[in-house]
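**Student:** This is the structure I have questions about; it appears just below.
The values are calculated or read from the model by the stated rules, or taken from the named source; none is laboratory data. If you're wondering where the values come from, they're calculated on a predicted model, not measured in any experiment. So basically every Cβ, Gly included, is an ideal-geometry build from the backbone, and we count neighbours across all protein chains shown.
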Amino acid sequence: MDAIATETDVQAWLASRVVTYGKKLPGDFSVDTDFADIGLDSVYALTLCGDIEDEYDIEVDPEIMWDYSTIRSLAEHLGELGAR
């Protein structure tokens, strides 16, 4: 990304990944819905972590998905890691 991503930008991007992967439709979840309730599995976690690394140029471990189990908490943590 060219500009600094805000936490809201990261939340929107993460939500778009959920929709892209076909896990839920827009409006079927919120930024506070637990990833387990969205349908997160280990393959999805690995794929999403790869996308995070590509999009924000930061390295993340797939376990991050369980440590920060909602879009809101993950976006906040990614901001702390320097998601740009």
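**Student:** Could you figure out which of (1) within 20 Å of residue 5 (Cα to Cα); (2) out of contact with any strand residue (DSSP E or B) (no Cβ under 7 Å at 6 or more places or on another chain) isn't true of residue 31?
**Tutor:** (2)
**Student:** Among the listed residues 34, 2, which satisfies the condition of being of a type in the set (D, E, K, R) and at pLDDT 85 or above?
**Tutor:** 34
**Student:** Please determine whether any residue of the stretch 25-47 is part of a helix (DSSP H, G or I), free of Cβ contacts under 8 Å to residues at least 12 places away in the same chain and within 12 Å of the chain's Cα centre (by Cα).
**Tutor:** Checking the stretch 25-47: not a single residue is part of a helix (DSSP H, G or I), free of Cβ contacts under 8 Å to residues at least 12 places away in the same chain and within 12 Å of the chain's Cα centre (by Cα).
**Student:** Just to verify a result, which residue in the stretch 5-24, among those that are of a type in the set (D, E, K, R) and at pLDDT 90 or above, is nearest to the chain's Cα centre (by Cα)?
**Tutor:** Checking each candidate, the answer is 17.
**Student:** Next question. Are any of the residues in the stretch 18-32 basic (Lys, Arg) and either surrounded by fewer than 16 Cβ atoms within 10 Å (Cβ to Cβ) or touching a Gly at 6+ places or on another chain (Cβ under 8 Å) (or both)?
**Tutor:** yes
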